1. Just to be sure before I move on: is VAL44 within 16 Å of the ligand (Cβ to nearest atom), within 17 Å of PHE254 (Cα to Cα) and either in contact with a Gly (Cβ under 8 Å, 6 or more places away or on another chain) or free of Cβ contacts under 8 Å to residues at least 12 places away in the same chain (or both) in the structure I sent?
2. Can you pull out the residues in the range 285-302 that are farther than 19 Å from THR224 by Cβ and surrounded by fewer than 15 Cβ atoms within 10 Å (Cβ to Cβ)?
3. Check off (1) in a loop (DSSP other than H, G, I, E, B); (2) open to solvent by less than 40 Å² (accessible area, probe 1.4 Å); (3) more than 16 Å from the ligand (Cβ to nearest atom); (4) in contact with an Asp or Glu (Cβ under 9 Å, 6 or more places away or on another chain) for TYR108 and give me the number that stays unchecked.
4. Return the residues of the range 147-162 that are free of Cβ contacts under 8 Å to residues at least 60 places away in the same chain and either within 16 Å of the ligand (Cβ to nearest atom) or in contact with a His (Cβ under 7 Å, 6 or more places away or on another chain) (or both); say none if nothing qualifies.
5. Provide a single number: the residues in the range 171-191 that are modelled with pLDDT of 95 or more and either over 21 Å from GLN246 (Cα atoms) or within 16 Å of the ligand (Cβ to nearest atom) (or both).
6. What are the residues in the range 47-77 that are of a type in the set (Ser, Thr, Tyr), closer than 25 Å to VAL181 by Cα and either more than 14 Å from the ligand (Cβ to nearest atom) or outside any helix (DSSP H, G or I) (or both), if any?
7. What do you reckon, is LEU231 touching a residue at least 24 places away in the same chain (Cβ under 8 Å), closer than 30 Å to GLY74 by Cβ, hydrophobic (A, V, I, L, M, F, W, C) and part of a loop (DSSP other than H, G, I, E, B)?
8. Just checking, how many residues over the range 167-200 are at positive phi and surrounded by 22 or more Cβ atoms within 10 Å (Cβ to Cβ)?
Amino acid sequence: MKKTILAAAAALGLAATSAQAQPNWPTRPVTMIVPFAAGGPTDVVARIVGEHMSRTLGQQIVIENVAGAGGTTGITRAKQAAPDGYTIAMGHMGTHGAAPALYPNLRYDPAKDFEPIGVAAGTPILIVTKKDFPANSLKEFIDYVKANGAKLNEAHAGVGSVSHTTCTLLQSMIDAKFTRVAYRGTGPALNDLVAGQVDFGCDQIVNLVPQIQAGTIKAMAIATAERSASLPNVPTTKEAGLPDYQVSAWNAVFAPKGTPKEITAKLADALDKALSDENVRKRLHELGGVIPEGADRGPQGLQKLVETEVARWTPVLKAAGVTAQ
Ligand code: ASP
């Protein structure tokens with residue numbers, strides 16, 4: 001008897017979660033999980049593209065911030081959600097590139113457990129400090145951190161986040177040790193940097209441009225080959241003497257594996273339309289975001305990106321010897 005009930009429940013569960021044609025989707029709001037605190041870079045990108053996608057889909061995209069464990073808590077939640085198109089997630093280079101190397105018990109496979117929808121924005125990394133940090137160039141910064149690392153606090157968004165991963169790389173490259181302070185996102189980390197409660201961080205440009213322009217924090221360098229048009233006065237790491245420190249992150253939309261094809265196609269189309277919209281482009285560009293074009297934008301481009309990023313970050317992070325506790 002018990003067995004029969006269980007079997008029936010399992011069958012029902014399967015029916016509820018399997019990929020079925022849903023020609024009218026979406027008939028209610030779609031939840032987009034942002035795996036970090038509100039106000040940070042992932043949240044900002046999600047809100048800019050999500051707002052336009054809502055208009056194309058004819059239903060609201062509601063952002064749900066599910067922070068914790070460097071973004072892996074929210075992405076695990078997305079993996080476990082019903083694949084019915086009503087839960088999607090904004091992942092990034094950390095959750096879908098770095099995390100497998102850092103979390104031995106990660107409960108998702110970035111390349112296998114999701115339907116890739118598309119890349120939303122490339123986000124170059126900057127090394128930023130509180131405004132009265134005693135360095136005014138990357139060289140001075142490196143010298144100061146090497147000499148005073150023990151008393152310096154670096155703010156990041158949890159093991160495996162972009163800020164954590166990219167500052168881990170910095171730490172091993174300049175051979176310095178500093179105290180690492182975890183936040184639930186770089187939104188709150190930035191607030192503390194502006195308040196001078198932490199000393200520095202490595203963060204995605206879309207979180208930083210207004211504060212750098214206002215002089216409430218300082219930028220030591222941008223870790224790309226070219227300067228950003230949104231911050232023309234900030235030198236590249238190449239110009240500033242650390243040419244091998246080249247790191248850019250990205251944000252991208254994922255749906256749980258098994259989400260029906262008609263739905264993922266509609267989501268990819270809505271994202272594509274958002275990224276072609278003049279106003280969306282202007283907002284992302286002003287924040288220093290890099291808009292993917294052509295084949296880099298859609299599902300295939302994203303799948304390839306995830307696979308190359310996992311392959312790129314795994315050896316780097318293993319060599320740096322970090323794991324999540
Ligand atoms: N992108 C994260 C956020 O939105 C932070 C990070 O990955 O460093 O807060």
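The values are calculated or read from the model by the stated rules, or taken from the named source; none is laboratory data. Nothing here was measured: the structure is a model prediction, and the numbers come from that model. Positions of Cβ are backbone-derived with ideal geometry, glycine not excepted, and every protein chain shown enters the neighbour counts. Please note that ligands, DNA and RNA were not included when accessible areas were found on the heavy atoms of the full protein model with its side chains. Shrake-Rupley method; radii C 1.70, N 1.55, O 1.52, S 1.80 Å.
1. When the stated conditions are applied, VAL44 does not pass them.
2. Matches in the range 285-302: GLY294, ALA295, GLN300.
3. It is condition (4) that TYR108 fails.
4. Once the filter is applied, which keeps residues that are free of Cβ contacts under 8 Å to residues at least 60 places away in the same chain and either within 16 Å of the ligand (Cβ to nearest atom) or in contact with a His (Cβ under 7 Å, 6 or more places away or on another chain) (or both), the range 147-162 yields ASN153, GLU154, ALA155, HIS156.
5. Within the range 171-191, residues that are modelled with pLDDT of 95 or more and either over 21 Å from GLN246 (Cα atoms) or within 16 Å of the ligand (Cβ to nearest atom) (or both) number 13.
6. Taking the range 47-77 and keeping what is of a type in the set (Ser, Thr, Tyr), we get 54, 56, 72-73, 76.
Filter once more, so that each one left must be closer than 25 Å to VAL181 by Cα: 72-73, 76.
Result: THR76, single match.
7. Values: touching a residue at least 24 places away in the same chain (Cβ under 8 Å): yes; closer than 30 Å to GLY74 by Cβ: yes; hydrophobic (A, V, I, L, M, F, W, C): yes; part of a loop (DSSP other than H, G, I, E, B): yes.
The answer is yes for LEU231.
8. Total meeting the criteria: 1.
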